[in-house]
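What follows is a single structure, written as structure tokens, with notes after it.
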Amino acid sequence: MPLPVGHSLAGYLIYLGAEGEVSLRRWKIVLLYLFCANLPDLDFLPGLLVGLPNRYHHGVSHSLGLAILAGLAVVFYRLWLGKGKLLRSFSITFGLYFGHVLLDCLIADTSPPYGVQLLWPLSSRYIISPILIFPTVYKANTSGAFLASLLHPGNLKLIGVELLYFLPLVAAAQFVLRRRPGRL
Ligand SMILES: [Zn+2]
């Protein structure tokens, strides 16, 4: 997994593209985008409870099937609220969730199974990109040491790489949106 910094910046990029708005005035909506962009990594929680935080990480939580389910959950919630724009809501939620999964295919993985169950339920095979653009995440295998392990200096390097990739894209997207004709 890229760290929440990278996933959040990717989520913010999708926010800029989908909402076409640079202002953080609708900060609750922005937070919702960032939450969905990090949602697959909630798979650490059941593992933390059983003392093995990585146990369920990168399994079916990181798959096409769960991305579709996340999109459908939002669709049904909006239907329950009597709101429309269902296809748009599905597309954005799916994009945020599956975008996270695809980014996780691009990170160096140091322990088997390598990669994520990208195509579940079509295939249970773990898949990783042949080209890896993110260095590995340092994280302990036990719940007691997990949070402290995230402060490993190697993770600071990973944050640096994530900022290097995403900040220019965010700046470019904001630049384009600010210069749109007809913008107030
Ligand atoms: Zn992840």
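The values are calculated or read from the model by the stated rules, or taken from the named source; none is laboratory data. The shown structure was predicted, so the numbers you read here are calculated from the model rather than taken from an experiment. Here the Cβ is made from the backbone with ideal geometry for all residues, glycine too, and neighbour counts use every protein chain on show. Each accessible area value is taken on the protein alone, full model and side chains, heavy atoms only, with ligands, DNA and RNA left out. Shrake-Rupley method; radii C 1.70, N 1.55, O 1.52, S 1.80 Å.
Please check the chain for the longest run free of trypsin sites (Lys or Arg not before Pro) that are loop-located per DSSP (anything but H, G, I, E, B) and have at most 16 other Cβ atoms within 10 Å. That would be 126-178.
Mind checking the angle between helix 27-38 and the chain's longest principal axis? C-alpha axes, 0 to 90 degrees, to the nearest 10. Its long axis makes an angle of about 30 degrees. Once the chain from residue 85 to residue 167 is taken as fully extended at 0.36 nm per residue, the excess over their C-alpha distance is 26.5 nm. For the pair segment 82-109 and segment 138-164, the centres of their Cα atoms are 24 angstrom apart. For segment 75-82, backbone phi angles converted through the Karplus equation (6.51, -1.76, 1.60; θ = phi - 60°) give residue-by-residue couplings of 4, 5, 5, 5, 4, 4, 7, x Hz, Gly and Pro being listed as x. Per residue, the chain reaches -18500 deg cm²/dmol at 222 nm when only DSSP H runs of four or more residues are counted, each adding -39500 (n - 2.57). Across segment 48-65, the residues whose backbone nitrogen lies under 19 Å from the label position 7 Å along the beta-carbon direction of residue 114 are 57-59.
Label zone of residue 54 (point 7 Å out along Cα→Cβ, amide N under 19 Å): in segment 1-20 this covers 1-4.
Building the convex hull from the alpha-carbon atoms of segment 99-184 and averaging its projection over directions returns 9.0 nm². Angle of helix 4-19 to the longest C-alpha principal axis of the chain, folded into 0 to 90 degrees and rounded to 10: 20°. Tell me the angle of helix 86-104 to the major Cα principal axis of the chain, expressed in degrees between 0 and 90 and rounded to the nearest ten. Compared with the principal axis, the helix lies near 30 degrees. Could you tell me what % of all Cα pairs in the chain have separations over 28 Å? The answer is 29 percent, as a whole percent. Note on the chain: with charges restricted to the Cβ of Lys and Arg (+1) and Asp and Glu (-1), its dipole about the Cα centre is near 780 debye. Give me the percent of Cα-Cα pairs in segment 59-129 that sit more than 16 Å apart, rounded to a whole number. The answer is 50 percent, as a whole percent. With a 1.4 Å probe and all protein chains left in place, how much of the accessible area of the chain comes from carbon and sulfur atoms, in whole percent? On the chain, the fraction of accessible area on carbon and sulfur atoms equals 71 percent.
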